[in-house]
Amino acid sequence: MNCEVAHERIVTSAYGELPDEQAHELERHMTGCPDCSTEREQMLALKVLMDADPVIDPGPNLIARSRLRLEEALDALPPQRWYERLEQRLRNNFAGMRAAPVAACLLLAVGVGAGGFGGYRLALKQTVQSPGGAAAIPVNAKASLQTADTPQLSNVTTISSIVRQPNSNIVEVRFSQLVPERVQGSLDDPAIRQLLMLASENGASPGLRDDSVGLLAAECRAAHGCQGVGIRNALMVALRYDRDASVRRKALEGLRPYVAQDIRVRNAVLEALLYDSDPQIRTASINMLEPVEADTSVRQVLYAVANSDNNPQIRNVSRQVLSRVPEIQ
């Protein structure tokens, strides 16, 4: 057995899915191969760490947002041509002919249920009207403008707009639950921050992501409660995965004060330097790493970029930074 085959079987063996005969061959191979033996130990250690962190079921809010994003993606698909629609209709009709008896029973049941439900809604509508014919205000009606501590954030599905009042610390966030709502409060308010972090994940609206990440980054630059869990994590996610370069640039600037103290931020900036498609972001990443340019991992990345990067400007900037760093004796 060679090491390539052993690498494939190590993963299967770690989960107890390797047949006995292949398991024996793997054991014989690892007795004489320290590299494969080390790899198996690392795989088993990783599995122990993963087992220690249980899988959390997705919440109803995540499911609702995922469904909305799926619907938006389906709506963005190009329309079918006429012959494709005709072919699909013929296939559906053929399938419907075979299921006609069952479909008829289902339609009858649905009709009866819909009739009963419609009668109930009509009666309910009549009961909430005043004697003069004007509709009475429902008991659970809410004001159109809420304070930041009233919304149930677990029920928020989408963020529709973010508006900051001029020369003020007040932000108005409009969001959707069952119906569109809005909330207004200070940037220091936890509810406002939660809504901004939700807006930073809105894949369908680059403008909302740009606004929310810009506000969050400004809070971090001002050192207003930008803890490691929360706003800082949201900015690192935007820096790594957002498709809009403007959003990534704002996220990068928001992380600048934490490069020296947070290794996770430092790693995110190093990833931006290595892999981001925007040269401005890569150049800004090099400049941001100046406080920690003597760090071993930072030096290694700068050496790699200075010697082999395809962008000559990035190579030159990396070499300039390395020239200021004294060699480690």
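Since every read-out is calculated from the coordinates, none of them should be taken as a lab result. Computed from a prediction, not measured in an experiment: that's the story for all the values here. Here the Cβ positions follow ideal geometry from the backbone for every residue, glycine too, while neighbour counts run over all protein chains shown.
Across the Cα atoms of the range 203-290, what radius of gyration and what greatest pairwise Cα-Cα distance (Dmax) are found, in Å?
For the range 203-290, the Cα-based Rg and Dmax read 11.6, 35 Å.
Taking other Cβ within 10 Å of each residue's Cβ, how do Arg67, Arg319 sort, fewest first?
Listing Arg67, Arg319 from fewest to most nearby Cβ atoms yields Arg67, Arg319.
With just the Cα atoms defining each centre, how far is the range 199-220 from the range 12-38? Give it in Å.
Using only Cα atoms to place each centre, the spacing works out to 48 Å.
Quote the FRET efficiency, to the nearest 0.05, computed for Ser297 versus Ser160 with a Förster distance R0 of 45 Å and r equal to the Cβ-Cβ distance.
0.65
Extension gain Arg319-Glu172, at 0.36 nm per residue separation less the Cα-Cα distance, in nm?
Contour length minus the Cα-Cα distance gives 48.3 nm.
Rg to Rh ratio, the range 3-52, alpha-carbon atoms and Kirkwood radius?
Rounded to two decimals, Rg/Rh equals 0.96.
Sorting check: for 305-318, 255-268, which peptide has the highest mean count of neighbouring beta carbons within 10 Å, and how do the rest follow?
255-268, 305-318
For the pair Asp262 and Glu25, how long in nm is the line joining their label points, each one 7 Å along Cα→Cβ?
Label-label distance for Asp262 and Glu25, simple model: 4.9 nm.
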